[in-house]
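What follows is a set of notes on a single structure, which appears directly below.
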Amino acid sequence: MTKTLSGVIAAIATPIDEGGAPDLKRAVKLARYLLDNGCDGLNVLGTTGEATSFSLAERKAVMDAYKTNGLPLDRLMVGTGAAAVSDAVALTRHAADLGFAGALVLPPFYYKGVPDDGLVAYIDALVKATAQRPIPIYLYHFPAMSGLPWHVTLIKRLLETFSNRIVGLKDSSGDMAFARSAAAVSPDFAVYPSTEACLIEARSGPFAGCISATANLNADLCARAWSEGDTAALEAAVTIRKLFDGKPLVSGVKALLAHIHGDAGLARVRPPLAPFSAADRAAVVSGHDAVRAKRVA
């Protein structure tokens, strides 16, 4: 077991090559850039990373690329949840064998309304499969996408059943009341809202930081907010985040990454996602550049 991750964690995008597969070279380059420019850690192969659009082999290849290229896996958690328990087991075991700092686990999301007993059995399978290499398990709460919540009563049950193997939760529900309730379950249970807007509040202790898609774009600003309590930096970071209100987030983040890094290839997405529209791209690029110009001035 490694120490729990904290601070500014980017839900890193997964670049796509011209053939539609994960672009491993670009993925490693982007990860290094983010870790060197404000990110305390990375959430690899999450929603922003389009994990559920990739095969088991493709997800393992992305993990392998980070390991082979010497990235600090003690600063990376990786999404290993899947609809099939056997797939989730294979991915979680692979993450453990490679040495990732944690496995971020979606519930098995196809069947809705399943009893808590079924979700406990799912986690039990992951815990048993990694007993020899006990990778920390982080729950991924995103009911709008998965249709299944890791609700507070279930979190308590999982902590009681699996002791120190369940260490935290990424909350992508947008419900800060839920996030606070989850964080209150135990002082040893780390909760990460999916917005950087929480970072000043997090400094006082309720949250372990944030895991944010837009930290791909504003990690330097987020880092100032987290480490120094810089409210002006946080305001700038949140302004960049709000540029995506009402717009497709994953393709939007990738379009702005392409602009920031001068690499059109970073804008590619995997079906069923579609590229960001030209009009949305123009608006987001203009807004981002205005924020950056103001900060420089």
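The values are calculated or read from the model by the stated rules, or taken from the named source; none is laboratory data. Bear in mind that the values here come from a model prediction, so they are computed numbers and not experimental data. Reconstructed Cβ throughout: ideal geometry from the backbone, glycine too, with neighbour counts over all protein chains shown. Surface areas here come from the heavy atoms of the whole protein model, side chains and all, with no ligands, DNA or RNA. Shrake-Rupley method; radii C 1.70, N 1.55, O 1.52, S 1.80 Å.
Across the stretch 22-48, what is the total count of residues that are among the hydroxyl-bearing types (Ser, Thr, Tyr) and either under 13 Å from the mean Cα position of the chain (by Cα) or within 15 Å of residue 100 (Cα to Cα) (or both)?
So the count comes out to 2.
Within the stretch 149-165, track down each residue that is part of a helix (DSSP H, G or I), open to solvent by 50 Å² or more (accessible area, probe 1.4 Å) and touching a helix residue (DSSP H, G or I) at 6+ places or on another chain (Cβ under 9 Å).
The answer is 153, 157, 161.
Just checking, how many residues over the stretch 5-52 are β-branched (Val, Ile, Thr) and open to solvent by 60 Å² or more (accessible area, probe 1.4 Å)?
Number satisfying all stated conditions: 1.
Among the strands (runs of 3 or more DSSP E) lying completely within the stretch 166-257, list those that include at least 3 residues that are more than 23 Å from residue 150 (Cα to Cα) and at pLDDT below 95. First the steps, then the outcome.
Details: elements: 166-171, 190-193, 209-212.
Output list is empty.
Hey, could you check the stretch 1-21 for residues that are over 21 Å from residue 101 (Cβ atoms) and assigned to a loop (DSSP other than H, G, I, E, B) and say which is nearest to the chain's Cα centre (by Cα)?
15
Condition (residue is within 22 Å of residue 248 (Cβ to Cβ), touching a strand residue (DSSP E or B) at 6+ places or on another chain (Cβ under 7 Å) and not aromatic (Phe, Trp, Tyr)) applied to the stretch 82-94: is it met by at least one residue?
no
Which of the residues that make up the stretch 82-127 are among the β-branched types (Val, Ile, Thr) and more than 22 Å from residue 173 (Cα to Cα)?
Residues satisfying the conditions are 85, 89, 92, 127.
Could you identify the single residue in 116, 175, 124, 188 that is surrounded by fewer than 20 Cβ atoms within 10 Å (Cβ to Cβ), under 21 Å from the mean Cα position of the chain (by Cα) and over 27 Å from residue 243 (Cα atoms)?
Being surrounded by fewer than 20 Cβ atoms within 10 Å (Cβ to Cβ), under 21 Å from the mean Cα position of the chain (by Cα) and over 27 Å from residue 243 (Cα atoms) holds for just one of 116, 175, 124, 188, which is 188.
Looking for whichever is more than 20 Å from the chain's Cα centre (by Cα), open to solvent by less than 10 Å² (accessible area, probe 1.4 Å), closer than 24 Å to residue 75 by Cβ and not β-branched (Val, Ile, Thr) here; the options are 219, 215, 225, 233. Which one fits?
That would be 233, the only listed residue that is more than 20 Å from the chain's Cα centre (by Cα), open to solvent by less than 10 Å² (accessible area, probe 1.4 Å), closer than 24 Å to residue 75 by Cβ and not β-branched (Val, Ile, Thr).
Of (1) in a helix (DSSP H, G or I); (2) in contact with a Lys or Arg (Cβ under 7 Å, 6 or more places away or on another chain), residue 144 satisfies all except one. Which?
Exception for residue 144: condition (2).
What pairs come up if the first residue lies in the stretch 98-116 and is part of a loop (DSSP other than H, G, I, E, B), the second is open to solvent by less than 60 Å² (accessible area, probe 1.4 Å) and hydroxyl-bearing (Ser, Thr, Tyr), and their beta carbons are under 7 Å apart, counting only those six or more places apart or on different chains?
106/140; 106/146; 107/122; 107/146; 108/122; 109/146
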